[in-house]
1. Keeping to the range 151-163, report how many residues are open to solvent by less than 60 Å² (accessible area, probe 1.4 Å) and more than 20 Å from Gly212 (Cα to Cα).
2. Look at the range 168-205 and say how many of its residues are under 17 Å from Phe118 (Cα atoms) and among the charged types (D, E, K, R).
3. Take the conditions over 23 Å from Leu132 (Cβ atoms) and aromatic (Phe, Trp, Tyr) and apply them to Trp182. Does it pass?
4. With respect to Arg193, is the statement that it is open to solvent by 50 Å² or more (accessible area, probe 1.4 Å) and either of a type in the set (S, T, N, Q) or more than 30 Å from His82 (Cβ to Cβ) (or both) true?
5. Only one residue in Gly144, Gly157 is in contact (Cβ under 8 Å) with a residue 40 or more places away in the chain, touching a His at 6+ places or on another chain (Cβ under 9 Å), part of a loop (DSSP other than H, G, I, E, B) and not aliphatic (A, V, I, L, M), so which one is that?
6. Can you tell me which residue within the range 196-209, out of those that are surrounded by fewer than 24 Cβ atoms within 10 Å (Cβ to Cβ) and touching a Ser or Thr at 6+ places or on another chain (Cβ under 6 Å), is farthest from Val146 (Cα to Cα)?
7. With (1) touching a Phe, Trp or Tyr at 6+ places or on another chain (Cβ under 9 Å); (2) within 30 Å of His91 (Cα to Cα) as the list, and Val155 as the residue in question, which single condition is left unmet?
8. Could you list all residues from the range 70-123 that are part of a loop (DSSP other than H, G, I, E, B) and among the small types (Gly, Ala, Ser)?
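The values are calculated or read from the model by the stated rules, or taken from the named source; none is laboratory data. These numbers come from a predicted model, not from an experiment. Every residue, glycine as well, gets a Cβ built from its backbone with ideal geometry; the counts of neighbours run over all protein chains shown. In case anyone asks, the SASA skips ligands and DNA or RNA and just uses the protein heavy atoms, side chains included. Shrake-Rupley method; radii C 1.70, N 1.55, O 1.52, S 1.80 Å.
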Amino acid sequence: MHYQSVSRTKALRRVQTHITSILDELATVAQNAAVSAGEFLCERFTNGTTDTDYRTTDAKAHTDEAAERLVIETIREHYPDHSITAEEAGHLDGNESYRWIIDALDGTNNFLAGIPTFGAAVTAVDSNDNPLTTAVSVPAIEAGTVAFVIGSPVVYGGAGRNNASKIRWELGQTTKRCIQTWAPVVHWGLLSRGALDGYVCLHPDEREQVAGELLASEAGCIVRREGPLSVFAPNQTAVDALFE
């Protein structure tokens, strides 16, 4: 029995080492992909290269598509069989054990308007959509106090629009500064670094939220949720104050 126990322990250690190695590899690929996109975005932003298609509901930079291709190429180089969900390319089938969620240019309107608040997010999730690792590249930073983000169901579908206006007004009255962010991953990064005091989300979009929540969790932030509303802050007191 003693030797069997030792054998199982050794086997468990080998499994744990293998899992750690896989996560480290995923993290490295995510970082390389996000950095390559970020560097490309920064170069285009600095050079003023912002070719754009203006649509009924939004504006789409050709730079967005180019940055996304860089991210996909980096992932495919290491994991040709993984599935990918990207804003421009849509869903690319593959091994569903791992799926990559990409937002290669978060903050398109800022980018096009010459506002240096945009970034790229690359996240790997498992077959149950649990985030495993994420990397966010932020070429430029804008500081603030509390960020407020609304997702596509509010912006384009009108779901919760009245609530969004009320929340925005309340935050403006009760915080030093409220930023309605159009580049969520940028401000998730700021929250995780301690440059923001809180983050309020209403009907958030998956492609930014999975990356942001993992960053916030790893930074020790607390979350409080109710339906489509979620509030993040560094401690319970701040979370409760913001939520109320």
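1. Taking the range 151-163 first, the residues open to solvent by less than 60 Å² (accessible area, probe 1.4 Å) are 151-155, 158-160.
From what is left, the residues that are more than 20 Å from Gly212 (Cα to Cα) are 158-160.
Going through the range 151-163 one residue at a time, the tally reaches 3.
2. Here the count works out to 2.
3. On the way: over 23 Å from Leu132 (Cβ atoms): yes; aromatic (Phe, Trp, Tyr): yes.
Spelling it out, Trp182 is indeed over 23 Å from Leu132 (Cβ atoms) and aromatic (Phe, Trp, Tyr).
4. Values: open to solvent by 50 Å² or more (accessible area, probe 1.4 Å): yes; either of a type in the set (S, T, N, Q) or more than 30 Å from His82 (Cβ to Cβ) (or both): no.
Taking the combined requirement at face value, the residue does not satisfy it.
5. Values: Gly157 fails: in contact (Cβ under 8 Å) with a residue 40 or more places away in the chain.
It is Gly144.
6. Filtering the range 196-209 for residues that are surrounded by fewer than 24 Cβ atoms within 10 Å (Cβ to Cβ) and touching a Ser or Thr at 6+ places or on another chain (Cβ under 6 Å), the one farthest from Val146 (Cα to Cα) comes out as Asp205.
7. Result: Val155 fails condition (1) only.
8. At the first step, the residues of the range 70-123 found to be part of a loop (DSSP other than H, G, I, E, B) are 79-81, 87-89, 93-94, 107, 114-118.
Result: Ala89, Gly94, Gly107, Gly114.
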